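Visitor: My questions will all concern the structure given below.
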2 protein chains.
Amino acid sequence: MTKGKLIGVGTGPGDPELVTRKAWAAVAAAKVIAYPAPDSGISFSRSIVADAITEGGVEIPMIVPMRIGRAPAQAIYDEGAKQIKDKLDEGFDVVVLCEGDPLFFGSFMYILARLRDDYDVEIIPGITAMTACASAIHHPLVAREDMMSIMPATMSDEGLRQAISSAQGVAIMKVGRHISRLRTLLDDMGLLDEAYYISHASLPHQNACKLTDAPEDAPYFSMVLLYKGNDEWL
Amino acid sequence: MTKGKLIGVGTGPGDPELVTRKAWAAVAAAKVIAYPAPDSGISFSRSIVADAITEGGVEIPMIVPMRIGRAPAQAIYDEGAKQIKDKLDEGFDVVVLCEGDPLFFGSFMYILARLRDDYDVEIIPGITAMTACASAIHHPLVAREDMMSIMPATMSDEGLRQAISSAQGVAIMKVGRHISRLRTLLDDMGLLDEAYYISHASLPHQNACKLTDAPEDAPYFSMVLLYKGNDEWL
């Protein structure tokens with residue numbers, strides 16, 4: 001029997017309209033879908049494409065507790081990959097949903113790593129939170145011959161300072177509890193007034209504002225964007 | 001009379017199926033569309049969404065010669081913005097097409113900069129060539145707490161070396177005639193075997209291979225991707 005194909009599908013930042021036509025069609029055609037889900041509440045990636053999902057298909061939720069260390073997460077993906085593998089071996093294509101893009105900080109990588117040597121793989125890219133955030137503030141990420149640096153807010157002050165200094169376009173991900181520290185750092189670098197804060201990009205409760213106006217209790221998945229490039233063309 | 005809205009639409013990397021549902025609907029509803037076009041041949045961004053375009057609408061091509069310096073390009077966008085402005089003042093929404101994402105090295109920025117102070121703006125993000133290239137090679141761009149650097153191949157060897165060293169995920173854009181220099185540099189850094197080359201991502205003539213196997217005559221819009229992060233989780 002022919003084995004099924006592993007299909008990684010980027011569902012984009014949250015608005016179901018920001019799913020690509022190809023991803024939507026892949027979900028609509030799927031007899032088996034897998035997705036990460038929290039231990040309480042619904043799966044975000046599944047909720048984005050809920051209207052495309054056909055009733056009566058097999059669903060493989062991979063329950064990832066909200067606060068989790070590295071080893072248990074690996075065990076969860078081991079188990080998820082095993083269930084997906086069973087379906088692939090039965091000849092079913094399996095669509096694995098992933099918020100944003102599957103290969104840009106995406107959870108799909110863990111499944112890909114476990115199965116890519118043994119199965120055909122197709123990956124359908126998704127709109128990243130980063131570009132959705134730029135769209136929300138109507139401001140360029142990078143232009144022309146610019147360099148761009150993307151970094152997690154968890155980096156040390158010194159690491160952040162160096163990464164921010166070296167690029168024209170700057171995206172700082174996973175802001176969360178680091179927001180005060182980022183404000184202080186950017187103020188010290190003379191860049192605070194040019195920095196934007198965005199959370200829940202493309203969703204009804206999107207918040208996009210100057211970093212100076214951002215809330216103290218920023219969610220984990222929020223972002224700071226900064227453009228330091230030559231904007232004489234603006 | 002109510003002025004029209006300026007709508008920047010990312011058409012993605014080339015495959016019409018990689019256009020978002022929102023972008024497709026915006027093009028289908030548009031009575032006026034504008035797009036950059038070469039002085040010979042067809043507009044790439046228009047070709048991607050050609051099947052969505054309604055007949056009988058107004059089209060505003062902005063003819064950008066293939067090899068052009070900065071000043072004439074500015075004059076072309078001045079003229080394009082003027083034609084778009086006329087339609088907005090007549091009350092029409094104007095969809096401006098842009099390959100990839102409008103704000104990630106996107107040509108839409110030039111129109112945005114000229115009109116955003118006077119009109120309502122909406123921006124619909126697009127799939128970037130970068131994520132489409134990663135999808136083509138089935139390899140992560142960045143994961144977890146990685147840092148990513150995106151740079152043009154036009155940078156000096158020293159600049160490239162520093163930017164590549166500082167990040168786990170590396171994307172080098174606009175490879176073109178710099179391909180031999182990049183190969184030499186990456187070989188010297190001990191990274192050549194891990195580097196991938198991609199051109200025409202998502203199109204029928206897509207080329208995705210190890211950089212060591214890439215053609216000498218790489219097109220201008222080709223890319224080198226490299227992942228140097230901790231891949232023990234792979």
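The values are calculated or read from the model by the stated rules, or taken from the named source; none is laboratory data. Please read all numbers here as calculations on a predicted model, not as lab measurements. Virtual Cβ from ideal backbone geometry, glycine too; neighbours counted across all protein chains shown. Ligands, DNA and RNA are excluded from the accessible area calculation, which covers all protein heavy atoms including side chains. Shrake-Rupley method; radii C 1.70, N 1.55, O 1.52, S 1.80 Å.
Visitor: Pop out the ³J(HN,Hα) list for the stretch A:151-163 in order, Karplus 6.51 cos²θ - 1.76 cosθ + 1.60 with θ = phi - 60°, rounded to Hz; leave Gly and Pro as x.
Guide: After applying 6.51 cos²θ - 1.76 cosθ + 1.60, I find 9, x, 5, 6, 4, 5, 3, 5, x, 4, 4, 5, 5 Hz.
Visitor: Let me have the relative contact order for chain A, percent, based on Cα pairs under 8 Å that are six or more residues apart.
Guide: 22
Visitor: Residue by residue, what Karplus-based ³J(HN,Hα) values in Hz, rounded to whole numbers, does the stretch A:74-89 have, using 6.51, -1.76 and 1.60 with θ = phi - 60° and x for Gly and Pro?
Guide: Computed from phi, the couplings for the stretch A:74-89 are 4, 5, 5, 6, 4, 5, x, 4, 5, 5, 5, 4, 4, 5, 4, 5 Hz.
Visitor: Also: Which distances in nm, rounded to one decimal and ordered from shortest, link the label point of A:Ser40 to the equivalent label points in the other identical copies, with labels set 7 Å from Cα toward Cβ?
Guide: Result, one decimal in nm: 6.7.
Visitor: Quick one: ranking B:Phe108, A:Phe221, A:Phe105, B:Phe92 by accessible area, 1.4 Å probe, largest first, what do you get?
Guide: Reading off the accessible areas and sorting them downward yields A:Phe221, B:Phe92, A:Phe105, B:Phe108.
Visitor: Per residue of the stretch A:179-195, what does 6.51 cos²θ - 1.76 cosθ + 1.60 with θ = phi - 60° give for ³J(HN,Hα)? Whole Hz please, x for Gly and Pro, Karplus curve as stated.
Guide: Here the 3J(HN,Hα) series is 4, 5, 4, 5, 4, 4, 4, 5, 4, 4, 8, x, 10, 4, 5, 9, 8 Hz.
Visitor: Which of the aspartates and glutamates could a cross-linker bridge to B:Lys85, judged by Cα under 20 Å and excluding same-chain residues fewer than eight apart?
Guide: By straight Cα distance, B:Lys85 reaches B:Glu59, B:Asp93, B:Asp117, B:Asp118, B:Asp120, B:Glu122.
Visitor: Defining a contact as two alpha carbons under 8 Å apart and six or more residues distant in sequence, what relative contact order in percent does the stretch B:1-101 show?
Guide: Reported relative contact order: 49 percent.
Visitor: Which whole-number percent gives the relative contact order of the stretch A:129-227, counting Cα pairs below 8 Å spaced six or more residues apart?
Guide: Here the relative contact order equals 34 percent.
Visitor: While we're on this one: Whenever you get a sec, line up A:Lys174, A:Lys82, B:Lys85 from highest to lowest accessible area (probe 1.4 Å, protein heavy atoms).
Guide: A:Lys82, B:Lys85, A:Lys174
Visitor: Mind checking the dipole of the stretch B:71-120: about its Cα centre, +1 per Lys or Arg Cβ, -1 per Asp or Glu Cβ, Debye to the nearest 20?
Guide: Details: 5 positive and 11 negative charges, 30 e Å.
Dipole of the stretch B:71-120, to the nearest 20 debye: 140 debye.
Visitor: Between rounded, prolate and oblate, where does the stretch A:15-70 land on the alpha carbon gyration tensor, with a ≥ b ≥ c its root eigenvalues, rounded for a/c under 1.5, else prolate if a/b exceeds b/c?
Guide: prolate
Visitor: Sticking with this one: If each DSSP helix of 4+ residues adds -39,500 (n - 2.57) and the sum is divided by the residues in the protein assembly as shown, what number results at 222 nm, nearest 500 deg cm²/dmol?
Guide: On the way: 14 runs with 140 residues, N = 468.
Helix-only estimate at 222 nm: -9000 deg cm²/dmol.
Visitor: Using modelled backbone amide H atoms (1.01 Å from N, in-plane), which distant-in-sequence or interchain residues come within less than 5 Å of B:Ile60's amide H?
Guide: B:Ile33, B:Ala34, B:Tyr35
Visitor: So who's got an amide H within less than 5 Å of the one on A:Lys228, skipping anything under 5 residues away but keeping other chains? H placed 1.01 Å off N, in plane.
Guide: Those qualifying (amide H under 5 Å, at least 5 residues apart or on another chain) are A:Gly169, A:Val170.
Visitor: Pull out the extension gain between A:Asp86 and A:Ser165, defined as 0.36 nm times the separation in residues minus the alpha carbon to alpha carbon distance; nm, one decimal.
Guide: Between A:Asp86 and A:Ser165, full extension yields an extra 23.6 nm.
Visitor: Report, by chain and number, residues whose modeled amide H sits under 5 Å from the one on A:Cys98, excluding near sequence neighbours (fewer than 5 apart, same chain).
Guide: For A:Cys98, whose amide H was placed from the backbone, the distant partners under 5 Å are A:Val9, A:Thr11.
Visitor: Next question, about the same structure. Would you work out if chain B is rounded, prolate or oblate? Take a ≥ b ≥ c from the square roots of the eigenvalues of the alpha-carbon gyration tensor; rounded if a/c is under 1.5, else prolate when a/b is larger than b/c, oblate otherwise. Intermediate results must be reported in sequence, preceding the final value.
Guide: Details: a/c = 2.17, a/b = 1.97, b/c = 1.10.
Prolate is the answer for chain B, as a/c is 1.5 or above and a/b outweighs b/c.
Visitor: Working with all protein chains in place, sort A:Lys5, B:Lys3 by solvent-accessible area computed with a 1.4 Å probe, largest first. Present the calculation step by step, with values, prior to reporting the outcome.
Guide: Values: A:Lys5 65, B:Lys3 110 Å².
Descending order: B:Lys3, A:Lys5.
Visitor: Taking the Cβ-Cβ separation of B:Asp118 and A:Asp39 as r and a Förster radius of 56 Å, what is the calculated FRET efficiency to the nearest 0.05?
Guide: 0.70
Visitor: As an exercise, use a Förster radius of 60 Å and the Cβ-Cβ distance of B:Leu203 and B:Glu158 to find the FRET efficiency, rounded to the nearest 0.05. Don't skip to the end; give the middle numbers.
Guide: Working: r = 34 Å, r/R0 = 0.57.
Given R0 = 60 Å and the Cβ-Cβ separation, E is 0.95.
Visitor: Dipole of the stretch B:129-227, Cα-centred, from +1 at each Lys and Arg C-beta and -1 at each Asp and Glu C-beta, to the nearest 20 debye? Kindly include the intermediate steps, with their values, before the conclusion.
Guide: Working: 7 positive and 11 negative charges, 51 e Å.
Roughly 240 debye for the stretch B:129-227.
Visitor: Evaluate peptide B:97-108: per residue, the Cβ atoms of other protein chains within 10 Å of its Cβ; return the mean as an integer.
Guide: Counting other chains' Cβ atoms within 10 Å and averaging over B:97-108 gives 5.
Visitor: How would you classify the stretch A:129-227 from its alpha-carbon gyration tensor, with a ≥ b ≥ c the square roots of the eigenvalues: rounded for a/c under 1.5, else prolate if a/b is greater than b/c, otherwise oblate?
Guide: The shape class here is oblate.
Visitor: Here is a follow-up. At R0 = 35 Å, how high is the FRET efficiency between A:Asp193 and B:Gln74 if r is their beta carbon distance? Nearest 0.05 is fine. Each step should come with its number before you reach the end.
Guide: Values: r = 27 Å, r/R0 = 0.76.
My answer for the efficiency is 0.85.
Visitor: What does the accessible area of B:His205 come to, in Å² to the nearest 10, when a probe of 1.4 Å is used?
Guide: 110
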